[in-house]
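Only the coordinates and a few stated rules stand behind these numbers; no lab work does. In this text, all values refer to a predicted model and were calculated from it rather than measured experimentally. All Cβ positions, glycine included, derive from the backbone under ideal geometry; neighbour counts span all protein chains shown.
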Ligand code: SAM
Ligand code: SF4
């Protein structure tokens, strides 16, 4: 058997030589510990621990600001890990940074304008030798136009090209411009060598990238490219690595996680369905909670509910965006399901042996949405009784088919509908949360609110629990405790730790 080596983020790199000369497998534990230090300090004052691993002065520094969804947050973790591996140190202010990066989101509003305004604000810093890079969806959407409108920018890089960052960094250090925009069909984006997770207990794993569904309003298929799934054995390998590092909660990520199609090949490797992958990740020793987001109603099968019912480590929470309660508007949005089909999926969850908390996304003011159709969305809220919603005003996006639709709704009317929607949902949440009074939940401890003298945690159903502890007890952040609910609010629960 050839010797196997471990690289410095504890990925098994097979027969390649480790870049940091940690050549023996039994050095793995030490490498893991070193890696854990790096993992834990990201987004905190980084200087002390990172410096121990980095060359002496002078050090290259970067500042990274992230906008948007969990996918972007996780992409930033990959970017940070890659920069650290290239000898950069993360700093918390633009003033301290040599390289200023924006990881952008273009899902709603005039995201591109906001980015250009921000870049214009920082133009004066160019005279101090600082460099600028635009990453993520606005980078992919606007491409090299960014260099025209903001000539002080040196790097434009879409999310599928982050593995090319080391070469791109060399280019910009040499004073050249670097672009990474051509790779929206690659599946190599899953295999990022360095990931600096910002939370040492709970971490993300991307299982599917891009989207082929082309909903009429949505920019994602244009910015993140074709849908491609990551092989289940690669997902499981990362889950095992995370468990070895002490993570107990994993969140599987994708624009539509349940559209997952395992590309694993070969006669010896059985392809896993999404539900099977969920169960396999949940069975990794050391993992206590598995979440997944986002699910698409069209691909939501009963097997997902059955997996939640039978695997206790799968969290009892499903985020299933509906967008609207009107079948006519669903059709105009090209969602390819009806209100009734959506409600059928809800009924599977409501009938489950465990109580599953259900959340959703809703868009109000899609072109042509009538008052009666908006009322159908309100009646859907009553029918489903969601545990939480994310409500958005429809926002026209470049390249999308909905741009051509007539009958735009004035912004003031969209704002009114959103306010009505949120007010209705608030009373539903008040009612739903009050049914938890007196119940005991297992809570993952997230931290302490010193001002209030309360600890903060999260239930398996993804509800925030603020709780008091008995005199002398000090819960461990990242640990799990039992909490009895003593008060309920629309957006959170409050309770006392049970010993
Ligand atoms: N793939 C998921 C699905 O289809 O259910 C949603 C992912 S999308 C990144 C997150 C949410 O942003 C969507 O569910 C939708 O509610 C919202 N969204 C997307 N495009 C939008 C637009 N043009 N205007 C307003 N909201 C939008
Ligand atoms: Fe956008 Fe629709 Fe794809 Fe979701 S399914 S990411 S809303 S195109």
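For the range 441-499, calculate the relative contact order in percent as a whole number, restricting contacts to Cα pairs under 8 Å that are 6 or more residues apart.
Here the relative contact order equals 34 percent.
Alpha carbon centre of the range 235-249 versus the range 321-394: separation in Å?
The range 235-249 and the range 321-394 have Cα centres separated by 34 Å.
Starting with the fewest neighbours, write out 233, 75, 407, 244 ranked by other beta-carbon atoms found within 10 Å of each beta-carbon.
Final ranking by Cβ density, sparse to dense: 407, 233, 244, 75.
Label points 7 Å out from Cα along the Cβ direction at residue 93 and residue 464: separation in nm?
Using points 7 Å along Cα→Cβ, the separation is 2.8 nm.
Pairs of alpha-carbon atoms within less than 8 angstrom and 6+ residues apart define the contacts here; what relative contact order does the chain have, in percent?
Taking the mean separation of contacting Cα pairs over the length of the chain, I get 9 percent.
Calculate, in nm to one decimal, what residue 113 and residue 390 gain on full extension: separation in residues at 0.36 nm each, minus their alpha carbon distance.
Residue separation times 0.36 nm, minus the Cα-Cα distance, leaves 97.4 nm.
Over all pairs of distinct alpha carbons, what does the Kirkwood formula give as the hydrodynamic radius of the chain, in Å?
24.4 Å is the Kirkwood radius here.
Sorted from fewest to most neighbouring beta carbons within 10 Å, what does the list 289, 452, 163 look like?
452, 163, 289
How would 492, 85 line up from fewest to most surrounding beta-carbon atoms within 10 angstrom?
The order, fewest Cβ neighbours first, is 492, 85.
Based on the Cα coordinates of the range 307-450, what is the per residue volume of their convex hull in Å³?
Convex hull volume per residue, Cα atoms: 168 Å³.
Given the -39500 (n - 2.57) contribution per DSSP H run of 4+ residues, what per-residue ellipticity at 222 nm results for the chain, rounded to the nearest 500 deg cm²/dmol?
-9500 deg cm²/dmol
Can you give the FRET efficiency to the nearest 0.05 for residue 149 and residue 174, using r as the Cβ-Cβ distance and R₀ = 25 Å?
0.60
Taking every DSSP beta bridge that has both residues in the range 130-254, what percent is antiparallel when rounded to the nearest 5?
Once the DSSP bridges in the range 130-254 are tallied, antiparallel ones form about 15 percent.
Given labels modelled 7 Å from the Cα in the Cβ direction, how far is it in nm from residue 271 to residue 122?
So the label points at residue 271 and residue 122 sit 4.3 nm apart.
Between residue 352 and residue 424, what is the label-point separation in nm under the 7 Å Cα-to-beta-carbon projection?
Taking the simple label geometry, residue 424 and residue 352 are separated by 2.5 nm.
Just to be sure I understand: of the beta bridges DSSP finds with both ends in the chain, what percent are antiparallel, rounded to 5?
35 percent
Using 1/(1 + (r/R0)^6) with R0 = 51 angstrom and r between the beta carbons of residue 212 and residue 471, what's the FRET efficiency to the nearest 0.05?
Efficiency, rounded to the nearest 0.05: 0.35.
Taking just the C-alpha trace of the range 344-387, give me its Rg and Dmax in Å.
Just the Cα atoms of the range 344-387 yield Rg and Dmax of 12.8, 40 Å.
Would you mind calculating the gained length between residue 403 and residue 283 on full extension (0.36 nm times residue separation, minus the Cα-Cα distance), in nm to one decimal?
38.7 nm
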